[in-house]
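*Asks:* Once you've had a glance at the structure underneath, I'll fire off some questions.
The values are calculated or read from the model by the stated rules, or taken from the named source; none is laboratory data. All values derive from a computational prediction rather than experimental measurement. Glycine gets a Cβ as well: all are built from the backbone with ideal geometry, and neighbour counts include every protein chain shown. The accessibility values were calculated without ligands, DNA or RNA, using every heavy atom of the protein model including side chains. Shrake-Rupley method; radii C 1.70, N 1.55, O 1.52, S 1.80 Å.
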Amino acid sequence: MKPILLTGHERSLTKVLYNKDGDLLFTVSKDHYPNVWWSINGERLGTYKGHAGAIWDIAVTTDSTRITTASADQSCFVWDTEKGAVLHKMPAKSPVRSCAFSLTNNILCFTTDRAMNQPCFIKFFDLRDKNQLETNTPLKEIEIKDAKVNRMIWGTVEDYVITGHEDGQLRQYDYESGERLPAVDHSHKGQIKDLQLSKDRTMLISASKDTSAKLFDAKDFRCLKTYKTDRPVNSAAVSPIKNHVLLGGGQEAMEVTTTQTKSGKFEARFFHLIFEEEIGRVKGHFGPINTLAFHPSGKQYASGAEDGYVRIHDFDQTYFDFEYEF
């Protein structure tokens with residue numbers, strides 16, 4: 001499994017994301033420039049210029065015509081994917097941590113940090129309403145008075161969003177009423193670093209600094225499986241074609257300079273989805289893996305790390321021939 005190494009960022013990666021068709025790979029990092037690449041060969045197609053701070057999150061519409069980015073420069077941008085032009089700018093009063101389009105691509109949701117004497121907010125904008133965008137008046141605004149939101153994604157339908165918090169809580173919020181839906185409170189003992197849905201949107205996987213990843217029923221938050229490691233888990237993804245879960249992480253970034261690559265535990269780790277047992281590792285990065293994503297076809301995955309590199313791995317035939325013995 002020989003990887004394609006992408007060197008388009010100067011600082012550590014924060015998110016890698018495939019579009020629905022899988023032909024495009026979007027990457028963002030702590031530098032100011034989102035990039036888009038051909039996933040088949042790693043050719044860079046373009047760079048989006050406009051932000052003035054680290055970019056924490058990126059999302060793309062189902063038709064791949066628009067992307068949105070969440071930045072530490074206290075703004076959320078909506079871009080034209082093909083032309084690279086900024087279509088809308090939504091300024092905030094504190095850094096923007098996460099962003100996502102609804103299933104119909106009509107509603108944009110983003111979350112802000114609790115910082116600069118400002119509380120954490122979840123904000124919703126209807127992209128069809130020009131007045132909302134021009135006046136920066138959200139359709140709905142939910143104030144989070146306790147632990148801030150680290151990650152946010154839309155749920156199985158367009159009625160609610162799922163949020164992962166710095167105290168390890170998973171929550172659901174109804175976007176029309178703004179009310180918190182009853183669900184599991186403490187799912188992790190440490191900060192939630194990543195949330196991803198399975199391809200059919202029935203399962204949710206969360207990654208946490210408490211050295212574990214957990215698989216939940218995406219609707220009622222029943223914990224189905226737990227994948228335990230010996231390091232903080234920064235990202236986790238579910239394979240769309242096999243019963244595999246992919247985990248990435250490593251020791252804290254501030255400690256990396258004092259550690260050898262082997263002992264830093266920077267490998268991507270594969271677990272069996274049902275039996276919760278580790279079935280393989282892929283080495284390569286020389287810093288903690290911050291973000292992972294499976295290709296929609298399940299035939300490749302991408303990883304981004306603290307070392308500033310993105311690696312695209314196409315699976316060999318032996319991966320597809322492998323059968324777990326039980």
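*Asks:* Determine, from the Cβ-Cβ distance of residue 226 and residue 10 and an R0 of 45 Å, the FRET efficiency 1/(1 + (r/R0)^6), rounded to the nearest 0.05. If you can, show how the numbers build up before the last one.
*Replies:* On the way: r = 36 Å, r/R0 = 0.81.
So, using R0 = 45 Å, E works out to roughly 0.80.
*Asks:* Still on this structure, I have one more. Just to be sure I understand the curve: with the Debye formula and one point per C-alpha of the chain, what is log10 I(q)/I(0) at q = 0.07, 0.09, 0.14 Å⁻¹?
*Replies:* Treating every Cα as an identical point scatterer, log10 I(q)/I(0) equals -0.25, -0.42, -1.09.
*Asks:* Starting from the Cα of residue 324, step 7 Å along the direction of its Cβ; do the same at residue 63; then give the gap between the two resulting points in nm.
*Replies:* The answer from the label model is 3.9 nm.
*Asks:* If you count, for each residue, the other Cβ atoms within 10 Å and average over each peptide, how do 32-40, 299-307 line up from highest to lowest? Don't skip to the end; give the middle numbers.
*Replies:* Numbers: 32-40: 20.9, 299-307: 24.4.
Packing proxy ranking, top to bottom: 299-307, 32-40.
*Asks:* Given contacts defined as C-alpha pairs under 8 Å and at least six residues apart, what's the relative contact order of the range 74-121, whole-number percent? Walk me through the numbers before you get to the answer.
*Replies:* On the way: 78 pairs, mean separation 13.7, N = 48.
For the range 74-121, the relative contact order is 29 percent.
*Asks:* Shifting gears a bit: Defining a contact as two alpha carbons under 8 Å apart and six or more residues distant in sequence, what relative contact order in percent does the chain show? Show your work: numbers first, answer last.
*Replies:* Numbers: 914 pairs, mean separation 43.3, N = 326.
Averaging sequence separation for qualifying contacts and normalising by length gives 13 percent for the chain.
*Asks:* Follow-up. I need the phi-derived Karplus couplings for the range 21-32: 6.51 cos²θ - 1.76 cosθ + 1.60, θ = phi - 60°, integer Hz, Gly and Pro marked x.
*Replies:* Here the 3J(HN,Hα) series is 6, x, 7, 10, 10, 9, 9, 9, 8, 7, 7, 9 Hz.
*Asks:* What distance in nm separates the simple spin-label points at residue 201 and residue 49, each placed 7 Å from Cα in the Cβ direction?
*Replies:* 3.7
*Asks:* Another one. Over the range 145-219, calculate the relative contact order: mean separation of alpha carbon pairs under 8 Å at least 6 apart, over the residue count, as a percent.
*Replies:* On the way: 167 pairs, mean separation 17.8, N = 75.
Relative contact order comes out at 24 percent.
*Asks:* What FRET efficiency do you get for residue 217 and residue 279 if R0 is 25 Å and r is their Cβ-Cβ distance, rounded to the nearest 0.05? Write down the numbers at each step before the final one.
*Replies:* On the way: r = 23 Å, r/R0 = 0.93.
Rounded to the nearest 0.05, the efficiency is 0.60.
*Asks:* Once phi is turned into ³J(HN,Hα) by the Karplus curve 6.51 cos²θ - 1.76 cosθ + 1.60 with θ = phi - 60°, what whole-Hz value does each residue of the range 127-135 show in order, with x for glycine and proline?
*Replies:* Values per residue, Gly and Pro as x: 6, 7, 9, 5, 4, 4, 6, 6, 9 Hz.
*Asks:* Amide H neighbours of residue 196 under 5 Å, at least 5 residues apart or on other chains, H built in the peptide plane: list them.
*Replies:* For residue 196, the qualifying residues are 205.
*Asks:* Whose amide H sits under 5 Å from the amide H of residue 234, counting only residues 5 or more places off or on another chain, with H placed in the peptide plane?
*Replies:* Those lying under 5 Å, H to H, from residue 234 are 248, 249, 250.
*Asks:* For residue 41 and residue 146 in one chain, what is 0.36 nm times their gap in residues minus the Cα-Cα distance, to one decimal in nm?
*Replies:* On the way: separation 105, 0.36 × 105 = 37.80 nm, distance 4.42 nm.
Between residue 41 and residue 146, full extension yields an extra 33.4 nm.
*Asks:* Whenever you get a sec, compute what percent of the accessible area on the range 88-209 sits on carbon and sulfur atoms (1.4 Å probe). If you can, show how the numbers build up before the last one.
*Replies:* On the way: 2370 of 5260 Å².
The C+S portion of the solvent-accessible surface of the range 88-209 is 45 percent.
*Asks:* Can you bin every Cα-Cα distance in the range 1-102 into 5 Å intervals starting at zero and give me the percent of pairs per bin, rounded to whole numbers?
*Replies:* Answer for the range 1-102: a P(r) of 2, 14, 26, 26, 19, 8, 3, 1, 0, 0 percent.
*Asks:* Using only DSSP helix segments of four residues or longer, with each worth -39500 (n - 2.57), what per-residue ellipticity at 222 nm results for the chain after dividing by its residue count and rounding to 500? Display every interim value, and only then the final one.
*Replies:* On the way: 3 runs with 15 residues, N = 326.
Dividing the helical sum by the residues of the chain leaves -1000 deg cm²/dmol.
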